[in-house]
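Heads up: the structure comes next, in structure tokens.
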Amino acid sequence: MLRPSFLALPFLLVLLATVSHAMTNVKKESFGKMPDGRDVDIYTLKDGNLEARITTYGGRLVSVIAPDRNGKTADVILGFDNVDGYLKDTSSFGSLVGRYAGRIANATFTLDGNAYNLPKNDGPNTLHGGPENFGKQLWAGKEIPNGVELTYVSKDGEAGFPGTLTTTVRYTLVGHDLKMEYNATTDKDTVLNLTNHAYFNLAGEGSGDILKQEVKINADQVIPVNSGLIPTGKLAPVAGTPFDFKKLTPIGKNIDAQDEQLKYGIGYDMPYVLDNKGKMVAAAEAYDPASGRVLEVLTDQPSVHFYTGNHMDGSIGKGGHKYAFRNAYCFEAQHYPDSPNHPNFPSTELKPGEKFHGVTIYRFTIR
């Protein structure tokens, strides 16, 4: 009888490790065309019973199909059925936000002694980089192992920002984790703040409000804002306030509390401070008791912005579903908003020869 050779054992172990996780299936398809005729693609990433779709228009996360505790799948990302819906979108559904996520006060900042004026699209302020931000641009896409790599070159002066900025974002899906890896370089001193603006509803998009779903945010402090939702420059503790999500708490429990910050945001619209010093941490978690779906957000960014869809107006999304007030929530892992105007905030400056690198993971499980 033949016996296996001990010399073959290392090879067998490597082989078993290789086949224990098959490569994620990646498929590229057409998603429509830009108004100027350029083709828009969509990439489908599938690993087991988890599937994510990403389009080259705005680098947007179009869908995540995830199972519940009984194995029934649903799409937990709000969005549109084709690129035409995203072209009309004003809410940044699923988009890669840049150059600067969040608000910049009075649409201006100073860098190296020079003042830069940006387009105003939120009263007197600039929101998410202006009306023609990264979520409104066509990115170049290419398949990579387990996912897709998207690249966009923002020219010097685009939307008022200095420097030609080259940004690459890699979406990969492995196991339970949808990973977003951001890289950026510039040829001139500039500022940037990149994030993903996915709208989540773990009961399934189009299923109604999210007030009974539970959230945990691992932060001791928030960044208070004024009536224009611009940071005051100070930090405030969450303890004893409606902003305390140190343990899983239903979103609707305190959302209508008599609190100045909640009135300003018409609900939760607040940056939470992550004491992570650039290291990956578990920033936030959401749980839908009805379906058992769990979303964990891990990031190396210094804050996560929690937003509860307070400005959703009933617009029509996928499958004719109506997206109404508080029908979704966002966890935007990013730098502090308006950092260029607050020297005490962590710097968002990027210089030639430096590389911005950031990682955020959306982890989907069940309980």
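Name the single residue, out of those in the range 340-367 being among the basic types (Lys, Arg) and within 21 Å of the chain's Cα centre (by Cα), that is farthest from Ala284 (Cα to Cα).
Selected residue: Lys355.
Residues of the range 324-349 being among the hydrophobic types (A, V, I, L, M, F, W, C) and either over 20 Å from His305 (Cβ atoms) or free of Cβ contacts under 8 Å to residues at least 24 places away in the same chain (or both), which ones?
Answer for the range 324-349, where residues must be among the hydrophobic types (A, V, I, L, M, F, W, C) and either over 20 Å from His305 (Cβ atoms) or free of Cβ contacts under 8 Å to residues at least 24 places away in the same chain (or both): just Ala324.
Go through the range 81-109 residue by residue and tally those that are crowded, with 23+ Cβ neighbours inside 10 Å and not in a strand (DSSP E or B).
The total comes to 9.
Output the strands (runs of 3 or more DSSP E) that fall wholly within the range 280-357 and possess 3 or more residues being aliphatic (A, V, I, L, M), or say none.
281-287, 293-299
Here, each number is a calculation from the coordinates, and none is a lab measurement. Just so you know, these numbers come straight off a predicted model, no measurement behind them. Quick reminder, even Gly has a Cβ in these numbers, built from the backbone with ideal geometry, and neighbours come from all protein chains shown.
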